[in-house]
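S.K.: After the structure tokens below, expect a handful of questions from me.
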Amino acid sequence: MADALIDAILAATPLPAILVGSDERIAGANAEAQALLGAALTGRHFAAILRQPPLVEAIERCIAERSPQTARHLSRDGAHDTTYEVHCRPLPGLGAGQGDAVFVSFVDLTQMEQAGQMRRDFVANVSHELRTPLTALMGFIETLRGAARDDAKARDRFLGIMEAEANRMNRLVGDLLSLNRVESEERVRPAKRLDLGTLLSSALATLRPLADEAGVELNLTVGQDPVEVPGEPDQLRQVVVNLVENAIKYGGAGGSVDVALTVLDHDAAMRGPAARIEVTDHGPGIDPVHLPRLTERFYRVDSHRSREMGGTGLGLAIVKHILNRHRGRLRVDSAPSKGATFTVILPR
Amino acid sequence: MNTNHILSAFDRDLEGVQAKVMRMGGMVEQALRDSITALLSHDIEMAARVRQDDRAIDELDEAVKSDCARILALRAPTAVDLRVVLSVIEISSNLERCGDYAKNIAKRTPSVGVQHDIMETGTALRRMAEFVQAMLSDALDSYIHQDEDKALDVIQRDVEADQMYNTLFRSLLTHMMEDPRSIATAMHLHFIAKNIERVGDHATGICEQAIYVLTGEMPQEPRPKQDSTTRM
């Protein structure tokens, strides 16, 4: 086959693909393959470029036996691992000088692998999170049956701790269920319209006792006119509650939490008119290394502090999924000792 | 090297020996990955396989070196071709050592019990192993794709690998002081951490060869060192 035709077919292949001649040299590679494996592949020995033993063996066997082979190719894309299933197909007589050639194509399995890994991690995390309060409960039950059986004072104190631990489990189960619900509805667009100003003042009213207890001043800034967005009231309320609660718990040291509602005629990310809720605290701020992972389930900047505060590690994950459903965005701006601003942007 | 040689057999020899050393690199990468997986999942069979497969790595090292000797004797390469041959010999030695470290990790695996509290160190060990594996992988890529920036980047990253080792060293020391029963396991884990740290050093060695082939000179700046455990 003419070289031009081979190149054209490689270029038209929508997967990373290379052609290896029977001289074991790479005879051609498309742009996708160069992005995956590096530039200037043609003329190189295939094993110099694809050094992973299973793949090297598959290509060798394909050349020797003229039979199709598959192998895994592990790679990295920045910080993420990627997995490819590599198909080697013999092309007898199509190489240079009527020799054999092998067509090698790479199918990206990364997302499938990641989905499986995420599920396993999630189950492991949930078990771990549930077990911690459960272990405490079981320990105290044992003590109450034994050493502290007739000690009224200790009994009271232990029951208090047990109540707190049971509450923690209850909150975790509640958050898991609400995360599950939010996820299952994520594709359903909210039908109703609601006024964000009303929603904010009522949500903040319920949070005031918590703020007073923590000695935090809650300031709300909203305009005169109603700001209507399509939205599910309960869910958007949860977004506000979760963000303000976090600000009080983790940024309360700053003395005040400011909530502001503004409207934008045009927001680039929303590609149209938008509403913006900003929740700002003046606490210790968040180290930038944590920012990309904040909305991951069970990710905590400081797990000890989070446990003390009774956090479940799911609050921001729920916020993210609710905002996904509303086609909105969450932005976080923070620096150590500069406080933190969580911005919710919703299309109007 | 893809500079066209009139002597195409020479070109074939040069490319062939580079392919061989890269194949060796692939085997070492897999040995390291498998040895860590075997350690953390306590998979004794997999560990035994890593130990067995080290023979193939050693054989390939021998083969690479005898190929290089033959090229030097028969072709008397000069300039960049000579540097390629010399660098391949050097990289082959680096890789052979890394293979030995993987084998050593595999050898210790049966002795590392599944003591749960100390295996929390396992998470840190896994992170360090992944970090160093990425360094080795990028080192080999930088060599074969003649990517000087990537090579310099890997050399810089060795500082972080050393810091990870320091942290592990400290946490293992704490474990041992708190609970003398953990000493045997902690000692094994410490040697394993040291093995991984050494792989990072060999990765920088490979990068120095990549730069040597490209420029004819070894990198000027002194290699960054952050191993502070000698002062603890």
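The values are calculated or read from the model by the stated rules, or taken from the named source; none is laboratory data. Since the model is a prediction, treat every value here as computed from it, not as a measurement. Cβ coordinates were reconstructed from backbone atoms using ideal geometry, including for glycine residues, and neighbour counts include every protein chain displayed. For the accessible areas, the whole protein counts, side chains as well, though only heavy atoms, and no ligand, DNA or RNA atoms are used. Shrake-Rupley method; radii C 1.70, N 1.55, O 1.52, S 1.80 Å.
S.K.: Do we find that A:GLY38 is within 16 Å of B:HIS145 (Cβ to Cβ), more than 36 Å from the chain's Cα centre (by Cα), modelled with pLDDT under 90 and at the interface with another protein chain (Cβ under 8 Å from one of its Cβ atoms) in this structure?
M.R.: Answer is no for this residue.
S.K.: For the structure I just gave you, tell me whether B:MET1 is modelled with pLDDT under 95, open to solvent by less than 30 Å² (accessible area, probe 1.4 Å), within 14 Å of chain A (Cβ to nearest Cβ) and in contact with a helix residue (DSSP H, G or I) (Cβ under 6 Å, 6 or more places away or on another chain).
M.R.: yes
S.K.: Just checking, which of A:VAL173, A:VAL104, A:VAL188 is open to solvent by less than 40 Å² (accessible area, probe 1.4 Å) and β-branched (Val, Ile, Thr)?
M.R.: None of the others qualify; the one that does is A:VAL104.
S.K.: Here's a follow-up. Let me spell it out: the conditions are (1) in a loop (DSSP other than H, G, I, E, B); (2) more than 14 Å from chain B (Cβ to nearest Cβ); (3) among the acidic types (Asp, Glu), and A:GLU32 meets all of them except one. Which number is the exception?
M.R.: Exception for A:GLU32: condition (1).
S.K.: Any idea how many residues of the range A:30-78 are open to solvent by less than 20 Å² (accessible area, probe 1.4 Å), without any contact (Cβ under 8 Å) to a residue 40 or more places away in the chain, farther than 12 Å from A:ILE18 by Cβ and of a type in the set (A, V, I, L, M, F, W, C)?
M.R.: 5
S.K.: Quickly run through the range A:275-312 and pick out the residues that are open to solvent by less than 30 Å² (accessible area, probe 1.4 Å), free of Cβ contacts under 8 Å to residues at least 40 places away in the same chain and of a type in the set (Asp, Glu).
M.R.: Those that are open to solvent by less than 30 Å² (accessible area, probe 1.4 Å), free of Cβ contacts under 8 Å to residues at least 40 places away in the same chain and of a type in the set (Asp, Glu): none in the range A:275-312.
S.K.: While we're looking at this one, here's another question. Which of the following residues is in contact with a Leu (Cβ under 6 Å, 6 or more places away or on another chain) and within 13 Å of another protein chain (Cβ to nearest Cβ): A:HIS73, A:HIS80, A:HIS128?
M.R.: A:HIS73
S.K.: From the list B:ILE91, B:ILE57, exactly one residue is assigned to a helix (DSSP H, G or I), more than 11 Å from chain A (Cβ to nearest Cβ) and surrounded by 14 or more Cβ atoms within 10 Å (Cβ to Cβ). Which is it?
M.R.: One residue alone meets the criteria, B:ILE91.
S.K.: Can you tell me how many residues within the range A:265-309 are acidic (Asp, Glu) and not in a strand (DSSP E or B)?
M.R.: Going through the range A:265-309 one residue at a time, the tally reaches 4.
S.K.: Shifting gears a bit: Given B:ALA19, B:ALA69, B:ALA47, B:ALA76, which one is touching a strand residue (DSSP E or B) at 6+ places or on another chain (Cβ under 7 Å) and either away from every other protein chain (no Cβ under 12 Å) or buried (at least 20 other Cβ atoms within 10 Å of the Cβ) (or both)?
M.R.: Just one listed residue meets the conditions, B:ALA19.
S.K.: Follow-up. Restricting to the range B:23-39, and then to whatever is closer than 15 Å to B:ARG127 by Cα and within 11 Å of another protein chain (Cβ to nearest Cβ), can you tell me which residue is nearest to the chain's Cα centre (by Cα)?
M.R.: Only one residue tops the list, namely B:ARG33.
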